[in-house]
Amino acid sequence: MVKAQPTGSCWCGCGAETARGSFFVPGHDRVAETAVVQTRYGSVPDFLLHHGFGPGKLNPKDELAAHRLSARSVARPPSRRVESATDWREEAARLWPVLVDLARRKRSATYKDVGAIVEVFHRNLRLPLELIQQHCAVHRLPRLTVLVVNGDTQLPGAGFAGSLEELDQLRSAVFAFDWSAVTNPFEEPT
Ligand SMILES: [Zn+2]
């Protein structure tokens, strides 16, 4: 992808001159964004759905947090992200019993530790976790993925948006649930 370069006049189309190195007159980035969203998608929810975001689908906050994390790490091919839904099923299949075991033992574990167990680089762990989170959302299961936490913050994913109190509730729900009654949804039937 070609990186955008400022041209000296506002990219919203107003024709105003911009400060050196700026694409927009202050605030006009939102004008441009709104114009594109409205004319090409209709509304912000339509825009989200078009790109696979929404309730029970991709979580915008989680995606942004993960994006910021990965932007800080070494560059990697962006195509992998697009294929994630099918690409990471095998990893999700390995991850599921690890999470269930944590739930049974009423424990959390770090991305690093869980990544090592399932042999997924910890920065990529969010991808199979996302599949599991989606599965839990769709099947109204407790959010099993809250048990995987950042080693520094002890919080699940950088994208966890809730309060600590909410986290406690989510965790308790995961611990209380009888996961032995649920078969690994990512295991291919043999
Ligand atoms: Zn403008």
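What follows is calculated from the coordinates using simple rules that are stated; it is not laboratory data. This one's a predicted model, so the numbers in the text were calculated from it and none came from an experiment. Please note: Cβ atoms are built from the backbone with ideal geometry, for glycine as well, and neighbour counts cover all protein chains shown.
Points worth noting:
- The chain: relative contact order as a whole-number percent, Cα under 8 Å and 6+ apart: 18 percent
- 179, 88 arranged by Cβ crowding within 10 Å, fewest neighbours leading: 179, 88
- Here the chain is treated with +1 on each Lys and Arg Cβ and -1 on each Asp and Glu Cβ, and its dipole about the Cα centre works out to around 300 debye.
- From helices alone, the chain scores -14000 deg cm²/dmol at 222 nm; the rule is -39500 (n - 2.57) for each run of n ≥ 4 DSSP H residues, then divide by the residue total.
- Sorted by Cβ density within 10 Å, fewest first, the residues 146, 36: 36, 146
- With neighbour counts taken as other beta-carbon atoms within 10 Å, the residues 112, 106 rank, fewest first, as 106, 112.
- Farthest towards the positive end of the charge dipole of the chain, among the residues 6, 108, 136, is the Cα of 6, using unit charges on the Cβ of Lys, Arg, Asp and Glu.
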